[in-house]
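Sharing a structure with you now.
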Amino acid sequence: DLDVIELDEDEDIEEIEVDEDEEIEEIEIDDDEDLDVIELDEDEDIEEIEIDEDEEIEEIEIDDDEDLDVIELDEDEDIEEIELADDEVIEDIEGGLPIEDDQEEFKLDDDGDTENKKRLSEQFESYLGAMEKFYNQYLRVSAGKYIVGTKHPKPSEIEEQTFFTPEIYVGKFPVTNALFEVFVNKTGYITTAEKRGYGNVYSGKFQKKTDPKTGITKSVWNATYKQKTVNGACWYQPFGPGSNLHNKKGHPVVQISLDDANMFAAWIGKRLPSEFEWEAAARTEKGYILPWGDEWENEKCNTENLGIADTTSVETFIDHENALGICDTIGNVLEWTVNECVPPYFSNKNSAYYIAKGGSFISDNTVRLYTRFMFKSDFTSNILGFRCVAD
């Protein structure tokens, strides 16, 4: 038996050959020795190092610049702590979280600089297919003076005034289900409605229903619109369990809180508009109170008079976009802005309310581009979405 081989400093071991049946119990090597090759004869066994069931790995420390590719653990091993130095990269941990390989951790950064926003925007664009890129268009709104408000304001509205906006870029469409799905798939983000377990569902006063067997269309009228809280209603089942996004990739995403909208916008290098920015872009320099002019015209937007009683694809009314090419600023869904407002008279005065614009599929023909809607920041519903802007 060979018990111990001790070598002096600077000696090199190039090859050690061991005869059959010999066992190597211990090899001690001094500091500067190089071990190139150990060859074993056919009958020699290399025994495995096995960790007993109750053993625990308490700490693994890794020096700077090391890459940790894969850590495989037996079923009963416990990892209490893994400390990594600054430049280490974990590429893959088997048995870890059930997420996509390219899923990213994301935190809201309100102070992101222009270069970082550009990088985020380009990264998001790289994830998109042709359809998603079509929905992700941004249009230039020139710096200048724009009319906002109305000459005859109701209690919740503002007096007509001039607003100066610097040059901005506004989404041609509201953010769609297809775009929001990319965000969720890449980040694992969970919306407010999903965390809370419910969303608000509205139904309009007028709805056309077609019998699939007979093809006969009937009109259903209610005295007023209805609103109820529905367990399970969220962005991917906007009317609650049983509803889904089938054939709705191009529809505006709904059941989105203000926090959800801000998170998405920041992740793609954009932001939400202020109320006046939204209104200036929607009304254009002409100051129209509707996308196409100052007089209401049926069939030009998705409001209750059409009886659809649901969202439509954001390009459905593209022939009636405004002079800048911006679509869906009236009807379909309301859109969040970042502006806080005085709470409605019937509300808890300690609660913060924010302004939404644009009307929805349950709005009647009195809705205008200066109309204001007010919601708490955590409010979610099937009539409320958002649009992004870029500086």
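Which members of segment 322-344 meet the condition of being touching a residue at least 60 places away in the same chain (Cβ under 8 Å) and either in a loop (DSSP other than H, G, I, E, B) or open to solvent by 30 Å² or more (accessible area, probe 1.4 Å) (or both)?
324, 325, 326, 327, 328, 332, 333, 338, 339, 344 - these are the residues of segment 322-344 that are touching a residue at least 60 places away in the same chain (Cβ under 8 Å) and either in a loop (DSSP other than H, G, I, E, B) or open to solvent by 30 Å² or more (accessible area, probe 1.4 Å) (or both).
Could you tell me which residue of segment 245-282 is nearest to the chain's Cα centre (by Cα), considering only residues that are among the acidic types (Asp, Glu) and crowded, with 24+ Cβ neighbours inside 10 Å?
260
For segment 192-229, how many residues meet the condition of being touching a residue at least 60 places away in the same chain (Cβ under 8 Å) and hydroxyl-bearing (Ser, Thr, Tyr)?
5
Quick check on residue 142: is it under 25 Å from residue 280 (Cβ atoms), modelled with pLDDT of 95 or more and within 15 Å of the chain's Cα centre (by Cα)?
Criteria not met by residue 142.
Let's see how each residue does on (1) open to solvent by 40 Å² or more (accessible area, probe 1.4 Å); (2) assigned to a loop (DSSP other than H, G, I, E, B); (3) farther than 29 Å from residue 317 by Cα:
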site	(1), (2), (3)
147	yes, no, no
153	yes, yes, no
157	no, yes, no
163	yes, no, no
169	yes, no, no
173	no, yes, no
179	no, no, no
183	no, no, no
190	yes, yes, yes
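On the basis of being within 29 Å of residue 352 (Cα to Cα), among the charged types (D, E, K, R) and part of a helix (DSSP H, G or I), does residue 319 make the cut?
no
Here is a further query. For segment 228-266, how many residues meet the condition of being of a type outside the set (Gly, Ala, Ser) and within 28 Å of residue 369 (Cβ to Cβ)?
The total comes to 17.
Looking only at residues in segment 347-390 that are farther than 20 Å from residue 178 by Cα and among the charged types (D, E, K, R), which one is least open to solvent (accessible area, probe 1.4 Å)?
The residue in question is 357.
Can you name the residue in segment 192-244 that is more than 24 Å from the chain's Cα centre (by Cα) and open to solvent by less than 30 Å² (accessible area, probe 1.4 Å) and, of all such residues, is nearest to residue 262 (Cα to Cα)?
So, considering only residues that are more than 24 Å from the chain's Cα centre (by Cα) and open to solvent by less than 30 Å² (accessible area, probe 1.4 Å), the one nearest to residue 262 (Cα to Cα) is 204.
Okay, next question. Across segment 207-248, which residue is nearest to residue 303 (Cα to Cα) among those that are among the aromatic types (Phe, Trp, Tyr) and at pLDDT below 95?
225
The values are calculated or read from the model by the stated rules, or taken from the named source; none is laboratory data. Model, not experiment: these values are computed from the prediction. Here Cβ is always computed from backbone atoms with ideal geometry, including for glycine, and neighbour counts include all displayed protein chains. When the accessible area is computed, the model is the full protein with side chains, heavy atoms only, and any ligands, DNA or RNA have been set aside. Shrake-Rupley method; radii C 1.70, N 1.55, O 1.52, S 1.80 Å.
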